[in-house]
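First the structure, in the form of structure tokens, and then the observations on it.
The values are calculated or read from the model by the stated rules, or taken from the named source; none is laboratory data. Keep in mind that what you see is a predicted model, and the values were worked out from it rather than measured. Quick reminder, even Gly has a Cβ in these numbers, built from the backbone with ideal geometry, and neighbours come from all protein chains shown. Please note that ligands, DNA and RNA were not included when accessible areas were found on the heavy atoms of the full protein model with its side chains. Shrake-Rupley method; radii C 1.70, N 1.55, O 1.52, S 1.80 Å.
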Amino acid sequence: MSRRWIQNPNRCADEYLDGIEDFIEFARRQNPAATRIRCPCRRCNNTLWETIENVGFHLVRNGMIETYSIWNLHGEQVDHASSSNAPRVDNVEPIVDPNDQVMGIIQDAFSFASTNINQEGEDDVPTPIDSAEFEQYEKLLKNANQELYPGCESFSVLTAIAELMHGKIKYRMSNLCFDYFLGVFKRMLSTDNCLPKDHKHAQKVLHGLGLGYEKIHACKNNCMLFYKEHETLDTCPICNESRFKMTSQNRTTKIPQKVMRYLPLKPRLQRLYMLTHTATDMRWHKKKRVDDDVMRHPADGEAWKEFDRTFPEFAADPRNVRLGLATDGFNPYGVLNQHHSTWPIFAFPYNLPPWKCMKKEYMMMTVLITEDPGRSIDVYLRPLVDELKDLWTNGVRTYDKSTGRMFTLRAAVMWTVNDFPAYAMVSGWSTKGYMACPVCKEDVTSGWHAGKVCYLGHRRWLPWDHEWREKEKEFDGNTERRLRPREWSGDEILEQLNRLDFAPFGKTVSRTRPSTHLNWTHKPMFFELPYWSKLKLRHSLDVMHVEKNVFDTLVGTILGIEGKTKDTIKARLDLERMGIRRGLWMNRDSDKARRDLAFFSMKPNDKKEFLKFVSSVKFPDGYASNIARCVNVDGGKFTGLKSHDCHVFMQRLLPVGIRHLLPEDVVKPIMLLSRFFSQLTAKTLRRTDMLQLRHDIVQVLCKFEMIFPPAFFTSMMHVMVHLPEEALLAGPVNYRWMYPIERLLEELKKSVRNRAKLEGSIIEAWVQYESLTLCGMFINAILRDGYVVVQDSLMLFCATDSMFRRANSHKSAETTRASFFPISGFPPSSPSLSAVTSALSLRSSLTHLPAVTSAASLPSPPPCHRVFVGFSRFFAGDFSLLRPPFPTPEMSDLIRRGRSMTTAPSSDPPAQLASAATAPVLLDHVVVGLGVSHVIRRAAS
């Protein structure tokens, strides 16, 4: 019998459900007296025992292990001598022994261990074997072949240590805690076991799988590194500061003033091709990428294609690596020390497909700096830039596991990703002052308004004959005749930098800049790379921080939040000085001046209504955090909103909440801005859409200039005009924003175990993570930290507290309460609307649930199609698109009946659904992913 159904990703299909029934019947026949059997679902993994009914439920919810095609743990007997008695299995991989996978790790990590080909051909020159490397290989091979204890077939020494160390990293165990449990396990096993006695000895076993790092001493004042020709110096030749700290004369070792950690890039890039699982994926951008109008990957951007045209020799081999670099600072001390900052620099390969690109396991830390380096970051970039130059010019001999041949690996950096302050450090162009825009440079339109520099003049991007160019009073009091700022090529910038003389790096050097230097602080070291001046995009603006700052400015102004609003007394006086918008001038009565409420600000009652609306919104688990906790209704403000909260708020809640509370002329541009960020941050982009966004954002900024005072236009408001152009050059922004980097920094902060040695603690944890990630790619039993492989396309309907925890049952109070969720965004003929309508037709099978209040008692909805359903434990709709987390075993029968029901939407869907909402069919989770634009939760009256 075929067991192809095991690999079917649609666990609502009849084939899959029939297969589960066959398995349950088979298990009952083989174990007639058993009340509990092993559960072969992906969560239990045949290690937990459940009742037969719960096993069937688990298999529907979680799916069966794809490799469990021979049910030997449930009584199936397989005759290995005769293949005719074995059940037929189509396209199912056999179960792999973890110990055999460990051998695969060693063979891939050491290329000479698996290279048995004839070294022939122009590009297959034998690579000499390093004796120390071969010795390390022999040690690992010994531990991989050695049983954990005599007679143990499940674990070798290396497999056991890898799993234990993974648990230590995943659950952040201290070394002492790990030593204690390791000792307990060692005493539990037989006396002749080979388990290491403590963490130190376990680290030595895994040392060969790690890639290590180098310590490089630095000047205390960030003047230079004691590196290469300066390695033997004891004092800095620039500031004459000692290299070492003053210690007791009896001390034999010297303590350096400052140390940076450098993790060589070459072996980490080589490992991408030494692993069977990644060598093929590194060619995805060339071999499997679809080249059409849709941009799904950085390779679809114009910058990538122009690079290929400029350097055809590099582009000829798809194995050559395209890298992105990112850096940001974080404070490992938290509130204990507000001034310390640690700065790692990460590299990530863009060759990988979208589902692997920017993932933690493929990111490589290259540099770890012990403090905020400022403009002296180039001092710490010296080893990395030297290695990047060598990778471009000479490359490095690398073994390709997928072809079994050696080749010369080369690499190039496509661009850097940073927030705005780090952008200034890396690019060399200061992001402060009158010329803060790093794209417009000295041609930016800026002025002094309300005690700060503001950036106006967005009419320059309008067509030459646009009517707004002639308007004066509606804008800044002047007509606009200038063209948009010119674009500077990399060669022009390099020529300009070569004419300037910059002071050396270091804290002791004067910061005064001549006026001829404009906003240049130093010549970036990246210009030493031969290709850097040819790139169309060298530094990418971070959309994450831009969106957050725009949100803070916009919401702070329309709500009048103290400290965040730009509508201040200084801003009103500035309008008087400019002689524009008389309605916003200060209202003077006798000897007093009063600032009246602006037309773009909410009234006190409207503000409370808006904040109550935000506090009542509920999102599915994993879609957003609990924004209601950040709302202070009485104080009239928000507190503690994170970047992702602002991201969701800007695109989902703001357009809904303000449309009946502010004038239409104010609401329209805000809704256009929300749509701008929603389309810009999509995972796939169309060039035609980006061209339209380039036009729309100019319209939005010009309308804002007619509404808000000049003090509203910070540098973050201005740089929005450049975001669509960068998307055309580099593709989707999710490969160029700081969300993955910020999450990684949070993990590094949690890895600190010794606050006296912060950077050492971080780097040791990172090196351990690298070696364990290598193991995790091979050993199925080790779950890679933070990632769960899901076959389905959506994971929205999950009745769990967290994405990685088991489903929880709802409280009785919630199951009896009726709350209504209007779901908007469905067109009249939408399949999703039909699916929800089909769900309402199941009311006859759910009569045991409490009835809900009529939808007629709800406030009248806005003019869009809405579905009013209540709150309960079930949803039966288009299950072919969803991962079913069904909370009861009876749902299998419910699915069968629900799939056969169809209800065509009428010409008036709201009326049809409003009448059907009185039925006891209630919704457990709110749809957000199926083309739904807004989600609002309102209590039934």
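Looking only at the range 143-187, filter to residues that are at pLDDT 85 or above and of a type in the set (Lys, Arg); which one of those is most open to solvent (accessible area, probe 1.4 Å)?
187
Take residue 571 and decide whether it is under 28 Å from residue 545 (Cα atoms) and either in contact with a Ser or Thr (Cβ under 9 Å, 6 or more places away or on another chain) or modelled with pLDDT of 90 or more (or both).
yes
Among the residues of the range 376-396, write down those that are closer than 12 Å to residue 262 by Cβ and not aliphatic (A, V, I, L, M).
380, 382, 383, 386, 387, listed by residue number.
In the range 539-556, is there at least one residue being part of a loop (DSSP other than H, G, I, E, B) and open to solvent by 10 Å² or more (accessible area, probe 1.4 Å)?
no
In this structure, does residue 260 turn out to be over 30 Å from residue 305 (Cα atoms), open to solvent by less than 30 Å² (accessible area, probe 1.4 Å), of a type outside the set (S, T, N, Q) and outside any loop (DSSP other than H, G, I, E, B)?
It is true that residue 260 is over 30 Å from residue 305 (Cα atoms), open to solvent by less than 30 Å² (accessible area, probe 1.4 Å), of a type outside the set (S, T, N, Q) and outside any loop (DSSP other than H, G, I, E, B).
For the range 10-39, give me each residue that is open to solvent by 60 Å² or more (accessible area, probe 1.4 Å) and part of a loop (DSSP other than H, G, I, E, B).
32, 33, 35
Restricting to helices (runs of 4 or more DSSP H) lying wholly in the range 594-690: which have 1 or more residues that are out of contact with any helix residue (DSSP H, G or I) (no Cβ under 9 Å at 6 or more places or on another chain), among the basic types (Lys, Arg) and touching a residue at least 12 places away in the same chain (Cβ under 8 Å)?
Because the criterion is at least 1 residues that are out of contact with any helix residue (DSSP H, G or I) (no Cβ under 9 Å at 6 or more places or on another chain), among the basic types (Lys, Arg) and touching a residue at least 12 places away in the same chain (Cβ under 8 Å), the helices (runs of 4 or more DSSP H) in the range 594-690 that meet it are 604-616.
For the range 451-475: of the residues being among the aliphatic types (A, V, I, L, M) and within 19 Å of residue 434 (Cβ to Cβ), which is surrounded by the fewest Cβ atoms within 10 Å (Cβ to Cβ)? Working first, answer last.
First pass over the range 451-475, keeping only residues among the aliphatic types (A, V, I, L, M): 453, 456, 462.
Okay, now just the ones that are also within 19 Å of residue 434 (Cβ to Cβ), so 453, 456.
On the way: 453: 16, 456: 23.
Within the range 451-475, the match that is surrounded by the fewest Cβ atoms within 10 Å (Cβ to Cβ) is 453.
Given the structure, is residue 445 closer than 25 Å to residue 419 by Cβ, buried (at least 20 other Cβ atoms within 10 Å of the Cβ), in contact with a helix residue (DSSP H, G or I) (Cβ under 9 Å, 6 or more places away or on another chain) and among the β-branched types (Val, Ile, Thr)?
Values: closer than 25 Å to residue 419 by Cβ: yes; buried (at least 20 other Cβ atoms within 10 Å of the Cβ): yes; in contact with a helix residue (DSSP H, G or I) (Cβ under 9 Å, 6 or more places away or on another chain): yes; among the β-branched types (Val, Ile, Thr): yes.
Yes.
Give me a count of the residues in the range 508-538 that are over 26 Å from residue 224 (Cα atoms), open to solvent by 40 Å² or more (accessible area, probe 1.4 Å) and in contact with an Asp or Glu (Cβ under 9 Å, 6 or more places away or on another chain).
Result for the range 508-538: 2.
With respect to residue 20, is the statement that it is under 18 Å from residue 3 (Cα atoms) and touching a Leu at 6+ places or on another chain (Cβ under 6 Å) true?
yes
Taking the stated definitions as given, is residue 509 of a type outside the set (D, E, K, R) and within 26 Å of residue 716 (Cβ to Cβ)?
Here the answer is no, as residue 509 does not meet what is asked.
Return the only residue of 625, 674 being small (Gly, Ala, Ser) and either open to solvent by less than 20 Å² (accessible area, probe 1.4 Å) or closer than 20 Å to residue 727 by Cα (or both). Before the answer, list the steps.
On the way: 625 fails: either open to solvent by less than 20 Å² (accessible area, probe 1.4 Å) or closer than 20 Å to residue 727 by Cα (or both).
Only one candidate passes the filter, namely 674.
Provide a single number: the residues in the range 746-761 that are within 15 Å of residue 345 (Cα to Cα) and surrounded by fewer than 19 Cβ atoms within 10 Å (Cβ to Cβ). Spell out the reasoning first.
So in the range 746-761, the residues within 15 Å of residue 345 (Cα to Cα) come out as 746-749, 759.
Right, trim to surrounded by fewer than 19 Cβ atoms within 10 Å (Cβ to Cβ) and you get 746-747, 749.
Residues meeting the conditions: 3.
Just a yes or no: is a residue in the range 234-242 at pLDDT 90 or above, in a strand (DSSP E or B) and in contact with a Leu (Cβ under 6 Å, 6 or more places away or on another chain)? Spell out the reasoning first.
Just the residues of the range 234-242 that are at pLDDT 90 or above, to begin with: 234-242.
Filter again for in a strand (DSSP E or B), leaving 235, 242.
Those left that are additionally in contact with a Leu (Cβ under 6 Å, 6 or more places away or on another chain): none.
No; the residues of the range 234-242 include none that is at pLDDT 90 or above, in a strand (DSSP E or B) and in contact with a Leu (Cβ under 6 Å, 6 or more places away or on another chain).
I'd like the full set of residues that are of a type outside the set (Ser, Thr, Tyr) and within 18 Å of residue 307 (Cβ to Cβ), limited to the range 529-547.
529, 530, 532, 534, 535, 536, 537, 538, 539
For the range 67-95, how many residues are open to solvent by less than 70 Å² (accessible area, probe 1.4 Å), out of contact with any Ser or Thr (no Cβ under 9 Å at 6 or more places or on another chain) and either of a type outside the set (D, E, K, R) or modelled with pLDDT of 80 or more (or both)? Walk me through it before giving the result.
Here is the first cut: in the range 67-95, the ones open to solvent by less than 70 Å² (accessible area, probe 1.4 Å) are 67-71, 74-76, 78-79, 82, 86-87, 89-90, 92.
Remaining after also requiring out of contact with any Ser or Thr (no Cβ under 9 Å at 6 or more places or on another chain): 67-71, 74-76, 78-79, 82, 86.
Keeping just the survivors that are either of a type outside the set (D, E, K, R) or modelled with pLDDT of 80 or more (or both) gives 67-71, 74-76, 78, 82, 86.
Total satisfying the criteria: 11.
Condition first: open to solvent by 70 Å² or more (accessible area, probe 1.4 Å) and farther than 20 Å from residue 443 by Cα. Now tell me which residues in the range 479-503 satisfy that.
Selection gives 498, 501.
Just to check your reading of the model, which residue among 322, 296, 268 is among the basic types (Lys, Arg), touching a residue at least 60 places away in the same chain (Cβ under 8 Å), in contact with a strand residue (DSSP E or B) (Cβ under 9 Å, 6 or more places away or on another chain) and open to solvent by 20 Å² or more (accessible area, probe 1.4 Å)? Give the steps one after another, and end with the answer.
On the way: 322 fails: open to solvent by 20 Å² or more (accessible area, probe 1.4 Å); 268 fails: open to solvent by 20 Å² or more (accessible area, probe 1.4 Å).
Matching residue, one of 322, 296, 268: 296.
Residue 220: modelled with pLDDT under 85, open to solvent by 20 Å² or more (accessible area, probe 1.4 Å), among the basic types (Lys, Arg) and closer than 30 Å to residue 259 by Cβ, yes or no?
no
Give the residue, chosen from 579, 563, 583, 556, that is small (Gly, Ala, Ser), at pLDDT 95 or above and more than 30 Å from residue 383 (Cβ to Cβ). Let's see the steps before the verdict.
On the way: 579 fails: at pLDDT 95 or above; 563 fails: at pLDDT 95 or above; 583 fails: at pLDDT 95 or above.
None of the other options fit; the residue is 556.
Give the residue that is nearest to residue 506 (Cα to Cα), with candidates limited to residues of the range 375-395 that are open to solvent by 10 Å² or more (accessible area, probe 1.4 Å) and touching a Ser or Thr at 6+ places or on another chain (Cβ under 7 Å).
Quick first cut of the range 375-395, residues open to solvent by 10 Å² or more (accessible area, probe 1.4 Å) only: 375, 379, 382, 386-387, 389-390, 392-395.
With touching a Ser or Thr at 6+ places or on another chain (Cβ under 7 Å) added as a condition, the list becomes 375, 395.
Numbers: 375: 9, 395: 32 Å.
The qualifying residue nearest to residue 506 (Cα to Cα) is 375.
Looking at (1) open to solvent by 10 Å² or more (accessible area, probe 1.4 Å); (2) closer than 27 Å to residue 213 by Cβ; (3) in contact (Cβ under 8 Å) with a residue 40 or more places away in the chain, can you tell me which one residue 243 breaks?
(3)
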